[in-house]
Amino acid sequence: ADSDGLLRLGRQVVAAGQSATTTLLDRSKLATAGRTAYWGEVMGYVSATFVSNVVMSVAFILVVFVWITRSVPVSLVAMIPNVMPIFVMFSAARALGYDLYEGFCIIDSLAIGNSVNDTIHYLFHVRANLDRGLGMEDSLREGFREVGCSMTISSVLVAVGFLACLPAEGIPIILSGVFMCLACLVAVALDVFMHPAMLLSLRRWR
């Protein structure tokens, strides 16, 4: 009885399939939809405008530095510890054999933002010390005493925070966390060790 029922069901399925008709769709009226299509469009735009966005970001940051320091040479020196973390992050990714996919276009802005935040705080305090009448070396030393510890701790905490991406299931998310951690550590190392030394080598603020 059970086998007869299954046979009847099979014949009904075959009959329904044979009577079904297909309609040729007009491709010009088709459109992709859904979250995947949306993010595909977003990532495509991010990739296409990556270079122009980086150039505009760097130019804007340079203008802010010039406004704070009132010195073009000092501002150009200050740009080095903010651009180098991105270069190191991209170089490390390529050295390990990873393609620079669209996600890097997004996390590079986070890396720049973290390093610029530390640099602005340091430059602001150094400028304030110079306005108080301190010499270049004393202003750099006092500025680092005022904000050096806080910017180091905050950057290290941000770097450690990005390691929370390690348990993620998606490889792009894991890589984003690892390379952002690297960029944050490189940025704080440059701000602590290289930036003050480069400013001191100028001997004068203007």
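All of (1) more than 22 Å from S91 (Cα to Cα); (2) of a type in the set (F, W, Y); (3) surrounded by fewer than 14 Cβ atoms within 10 Å (Cβ to Cβ) hold for F193 with one exception: (1).
When every residue of the stretch 151-159 is checked against the conditions, at least one turns out to be under 30 Å from F90 (Cα atoms), without any contact (Cβ under 8 Å) to a residue 24 or more places away in the chain and not aromatic (F, W, Y). Checking each residue in the stretch 165-186 for being small (G, A, S) and over 15 Å from I107 (Cα atoms) picks out A168, G170. Of the residues making up the stretch 92-108, those that are modelled with pLDDT of 80 or more and closer than 28 Å to G40 by Cβ are A92, A93, R94, L96, G97. Here the stretch 155-189 is the region considered, the condition is being surrounded by fewer than 17 Cβ atoms within 10 Å (Cβ to Cβ) and not aliphatic (A, V, I, L, M), and the residue that is farthest from A78 (Cα to Cα) is E169.
Considered as a group, the residues in the stretch 38-88 that are among the small types (G, A, S) and modelled with pLDDT of 85 or more include one that is farthest from C184 (Cα to Cα), and that residue is S71. Checked across the stretch 131-150, the condition of being surrounded by fewer than 20 Cβ atoms within 10 Å (Cβ to Cβ), closer than 21 Å to F87 by Cβ and either β-branched (V, I, T) or at pLDDT below 90 (or both) holds for no residue. Note on the stretch 91-206: enclosed helices (runs of 4 or more DSSP H) holding 2 or more residues that are within 20 Å of V58 (Cα to Cα) and acidic (D, E) are 102-131.
The values are calculated or read from the model by the stated rules, or taken from the named source; none is laboratory data. The structure displayed is predicted, hence computed values, not measured ones. Because the Cβ atoms are built from the backbone with ideal geometry, glycine has one as well, and the counts that use them run over all protein chains shown.
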